[in-house]
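Enquirer: Sharing a structure here in structure tokens format.
The values are calculated or read from the model by the stated rules, or taken from the named source; none is laboratory data. Being a predicted model, the structure only gives us computed values, none of them experimental. For neighbour counting, all protein chains shown are included, and Cβ atoms are generated from backbone atoms with ideal geometry for every residue, glycine included.
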Amino acid sequence: MKTKPFRPFYLLLVLLFCVASPLLAGQPLVDGAWLAGNLGKPDLLVLDLQTPPAYQKFHVPGAVHSNYADWRKPDAKGTPQMLPPVAELEQLIGGLGIDNQTQVVLVVTGRGAGELASATRVYWTLKALGHDAVSILDGGLIAYAQERGHPLESRPNPPVKKTFKAQPRTEYLVTADQVNAALGSVTLVDNRSVGEYLGLRGDPKARPGTLPGALNLPFDWLTVNGGATFHNPTNLQRIYQAAGVPLQGEQISFCHTGHRTSLAWFVSHELLGNDQARLYDGSAAEWALNPALPMEQKIRLD
């Protein structure tokens, strides 16, 4: 049987796909091997979220440093650590050398789930601004460095300023009024500790307890030994089932200031594929200080 010749044009398409696909994939998690293999690609930027002293000691070659505090500001009502205005975020992101074509990989040191939540919070912010080309280094810099042969450096990398134009996704943002209207009809998930959920611990200036009807799924259950490596999808499903949290359907998660719950949102929305999972940015810091909003205290102490 006569076969058709393999034309150079098709060969070119195949080669372009093989070269471009790793950066176009936009997978939520990447490992050290993927990152080491893609360093130096023109559209790849490694964004380091370590503390300044940690960044100055070691980081991925070419990584640009960003202070996590810059990604969260008090809002007009004084609610702490909220999503800043879009114009401010555009200036921040562009100033870090990120434009709308940049593939961003977020890196933390890798010492625990609380630190990893810095990456998931920035990830959520970028997605809320319409930027899908973003990934997180699973396990952080520690896991990356443990794999022999992966390069590190200590010299700083000043960013080359670019222009970033946000395309905000309003469905990523949930207000206190929307949460209040959803009580009793939408699954609420409290990603704080058990003590905070029960009302045994918390901000002394705020009312103790949780939102009425909320289920408790502490965010650090979702990483291996509370570290910076996510459980595999099968184990994540088992953890959700043990906590009584549905894997699909409308879901609003919260914590104290929207930091810890970003990790749980990332698991629900990105790793388990629940596109109806949303994050309440104001969280308990806003809710518990407003006496007009209901609270549920599981345990009352004299």
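Enquirer: Hand me the list of helices (runs of 4 or more DSSP H) wholly inside the range 1-76 holding 2 or more residues that are modelled with pLDDT of 95 or more and in the same structural domain as G140 (by TED's automatic domain parsing).
Expert: So the answer is 32-38, 52-57.
Enquirer: If you don't mind, there's one more thing I want to ask. Pick from the range 261-302 the residues that are surrounded by fewer than 20 Cβ atoms within 10 Å (Cβ to Cβ) and charged (D, E, K, R): which of them is nearest to V224 (Cα to Cα)?
Expert: Here the residue is D275.
Enquirer: When the residues of the range 77-96 are filtered to those that are assigned to a loop (DSSP other than H, G, I, E, B) and out of contact with any Pro (no Cβ under 9 Å at 6 or more places or on another chain), which remaining residue is farthest from D138 (Cα to Cα)?
Expert: Restricting to residues being assigned to a loop (DSSP other than H, G, I, E, B) and out of contact with any Pro (no Cβ under 9 Å at 6 or more places or on another chain), the top hit is K77.
Enquirer: Also: Could you list, in sequence order, the residues of the range 144-161 that are at pLDDT 95 or above, surrounded by 11 or more Cβ atoms within 10 Å (Cβ to Cβ) and among the charged types (D, E, K, R)?
Expert: Residues satisfying the conditions are E153, K161.
Enquirer: Name the single residue, out of those in the range 122-138 being part of a loop (DSSP other than H, G, I, E, B) and of a type in the set (A, V, I, L, M, F, W, C), that is nearest to H259 (Cα to Cα).
Expert: L129
Enquirer: Would you check if there is a residue in the range 106-118 being more than 18 Å from H259 (Cβ to Cβ), in a loop (DSSP other than H, G, I, E, B) and not assigned by TED's automatic domain parsing to the domain that holds Q251?
Expert: No, there is no match, as no residue in the range 106-118 is more than 18 Å from H259 (Cβ to Cβ), in a loop (DSSP other than H, G, I, E, B) and not assigned by TED's automatic domain parsing to the domain that holds Q251.
Enquirer: Which residues, taken from the range 264-302, are acidic (D, E), in a loop (DSSP other than H, G, I, E, B) and over 16 Å from V122 (Cβ atoms)?
Expert: Those that are acidic (D, E), in a loop (DSSP other than H, G, I, E, B) and over 16 Å from V122 (Cβ atoms): D275, D302.
Enquirer: Hey, another quick one. Looking only at residues that are under 16 Å from W124 (Cα atoms) and touching a helix residue (DSSP H, G or I) at 6+ places or on another chain (Cβ under 6 Å) in the range 49-69, which one is surrounded by the most Cβ atoms within 10 Å (Cβ to Cβ)?
Expert: Restricting to residues being under 16 Å from W124 (Cα atoms) and touching a helix residue (DSSP H, G or I) at 6+ places or on another chain (Cβ under 6 Å), the top hit is L49.
Enquirer: Now, a different point. Take the conditions of a type in the set (D, E), more than 15 Å from V174 (Cα to Cα) and out of contact with any Gly (no Cβ under 6 Å at 6 or more places or on another chain) and apply them to E270. Does it pass?
Expert: yes
Enquirer: Does at least one position in the range 219-228 carry a residue that is in contact with an Asp or Glu (Cβ under 7 Å, 6 or more places away or on another chain) and on the phi > 0 side of the Ramachandran plot?
Expert: Yes, some residue in the range 219-228 is in contact with an Asp or Glu (Cβ under 7 Å, 6 or more places away or on another chain) and on the phi > 0 side of the Ramachandran plot.
Enquirer: So which residues in the range 137-157 are out of contact with any strand residue (DSSP E or B) (no Cβ under 8 Å at 6 or more places or on another chain) and more than 15 Å from G37 (Cβ to Cβ)?
Expert: Passing the criteria: G139, I142, A145, Q146, R155.
Enquirer: Right, something else. When you scan the range 139-245 for helices (runs of 4 or more DSSP H) that lie fully inside it, which ones turn up with 1 or more residues that are of a type in the set (K, R) and either free of Cβ contacts under 8 Å to residues at least 60 places away in the same chain or not assigned by TED's automatic domain parsing to the domain that holds L126 (or both)?
Expert: Because the criterion is at least 1 residues that are of a type in the set (K, R) and either free of Cβ contacts under 8 Å to residues at least 60 places away in the same chain or not assigned by TED's automatic domain parsing to the domain that holds L126 (or both), the helices (runs of 4 or more DSSP H) in the range 139-245 that meet it are 233-243.
Enquirer: Determine which member of the set T261, T257 is of a type in the set (S, T, Y), within 26 Å of G199 (Cα to Cα) and part of a loop (DSSP other than H, G, I, E, B).
Expert: Answer to the check: T257.
Enquirer: Checking Y197 against (1) over 17 Å from the mean Cα position of the chain (by Cα); (2) closer than 30 Å to Y144 by Cβ; (3) buried (at least 18 other Cβ atoms within 10 Å of the Cβ), which single condition isn't satisfied?
Expert: (2)
Enquirer: So, in the range 201-214, exactly how many residues are surrounded by fewer than 18 Cβ atoms within 10 Å (Cβ to Cβ) and either of a type in the set (D, E) or at pLDDT 95 or above (or both)?
Expert: Going through the range 201-214 one residue at a time, the tally reaches 3.
Enquirer: Looking at the range 62-106 only, could you name the residues that are among the aliphatic types (A, V, I, L, M), in contact with an Asp or Glu (Cβ under 7 Å, 6 or more places away or on another chain) and under 23 Å from L173 (Cα atoms)?
Expert: M82, L83, L92 - these are the residues of the range 62-106 that are among the aliphatic types (A, V, I, L, M), in contact with an Asp or Glu (Cβ under 7 Å, 6 or more places away or on another chain) and under 23 Å from L173 (Cα atoms).
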